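These notes are about the structure you will find just below.
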Amino acid sequence: MPIEEANGLKLHTQHLATGEGMPPVLMLHGLVIDNLSSWYYTIANPVAQVADVHLVDLRGHGRSEMPKTGYKVEDNVDDVVALLDRWGITEPVHLFGNSFGGVVSLALAHRHPDRVASLFLIEAHFAVEGWGEHMAGSLALAAFGLDEDAVQDWLAENADRKLSRLAKRSERFLTETTLIDDLQAEQPITWLPEIACPTYAMYGAETDIMDRALELQAKVPGCELEIVPGCSHSLLTEQSGLVRDRALAWLARVS
């Protein structure tokens, strides 16, 4: 269980090495009930056949440290940049972001364009007008495809299973940290036209954030958008084979 100290935190990471010459890939996961395993058990290993793949449990998630404060998007960006520095990765990386991981990926590409070779986004969920209020009204998760009842049902269901530790950790994350307040304070993104790297975005046709997909396509220069029929916000797990194929094809093109 590799634990890295970065930006004052202990972060759980995994590294899948291939030895190929392609720029490394860094994969960022979704919010609260997600962690690096969603990448590891879907497309990380196939991608690692062509590029070094780095995975991280974002602060508060998985086996990483859960500080009481510091859950703004910019805090997560700072963590990722600190990890890249610790790993000695100075060349631009291919950033893969799922849901909230897509938010962090976009923000990193905007703040540190020299560190990002390309963006591969799945159901990227970024702040628009009213985003914070909507999240605060439903445990900060409605905007990520889960309403308050769904979260409580998930916690109740898993509390009686082997996943009880994850359920309890998620509940603690929501109630004992500044996560909700920090996300509520996020301001709408206005800088999408400034994203300079190649960008590929995938969304399910049944997603509840189709407006984000269309905004990315309209505002990010050259953004390629694919809408996958019959899929929801859980596109990564619902169509992991398709996502894998698209990811490998994307890396072959941009590298």
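Kindly provide the set of residues from the range 170-183 that are of a type outside the set (Val, Ile, Thr) and open to solvent by 50 Å² or more (accessible area, probe 1.4 Å), ordered by number.
Glu171, Arg172, Glu176, Asp181 - these are the residues of the range 170-183 that are of a type outside the set (Val, Ile, Thr) and open to solvent by 50 Å² or more (accessible area, probe 1.4 Å).
Can you spot a residue in the range 83-101 that is open to solvent by 20 Å² or more (accessible area, probe 1.4 Å), touching a Pro at 6+ places or on another chain (Cβ under 8 Å) and of a type outside the set (Val, Ile, Thr)?
yes
Name the residues in the range 226-246 that are in contact (Cβ under 8 Å) with a residue 40 or more places away in the chain and more than 10 Å from Thr42 (Cβ to Cβ), would you?
Across the range 226-246, the qualifying residues are Ser232, His233, Ser234, Leu235, Arg246.
Is there any pair with a first residue in the range 177-199 that is among the charged types (D, E, K, R) and a second that is assigned to a loop (DSSP other than H, G, I, E, B) and modelled with pLDDT under 90 whose Cβ atoms are under 8 Å apart and which are 6 or more apart or on different chains, and what are they?
Glu186/Ala127
Can you name every residue in the range 36-82 that is charged (D, E, K, R), open to solvent by 10 Å² or more (accessible area, probe 1.4 Å) and in a helix (DSSP H, G or I)?
Listed by number, the residues that qualify are Glu74, Asp75, Asp78.
Considering the range 237-255 alone, what residues qualify as being touching a helix residue (DSSP H, G or I) at 6+ places or on another chain (Cβ under 8 Å) and either at pLDDT 95 or above or aromatic (Phe, Trp, Tyr) (or both)?
Ser240, Val243, Arg244, Ala247, Leu248, Leu251
When the range 184-213 is examined, which residues are found to be within 22 Å of Thr237 (Cα to Cα), at pLDDT 95 or above and open to solvent by 80 Å² or more (accessible area, probe 1.4 Å)?
Glu206
All but one of (1) out of contact with any strand residue (DSSP E or B) (no Cβ under 8 Å at 6 or more places or on another chain); (2) more than 22 Å from Phe120 (Cβ to Cβ); (3) not hydroxyl-bearing (Ser, Thr, Tyr) hold for His61; which doesn't?
The one condition His61 does not meet is (2).
The values are calculated or read from the model by the stated rules, or taken from the named source; none is laboratory data. Since the structure is predicted, the reported quantities are computational estimates derived from the model, not experimental observations. Counting neighbours? That spans all protein chains shown, and the Cβs are built from the backbone with ideal geometry, glycine included. In case anyone asks, the SASA skips ligands and DNA or RNA and just uses the protein heavy atoms, side chains included. Shrake-Rupley method; radii C 1.70, N 1.55, O 1.52, S 1.80 Å.
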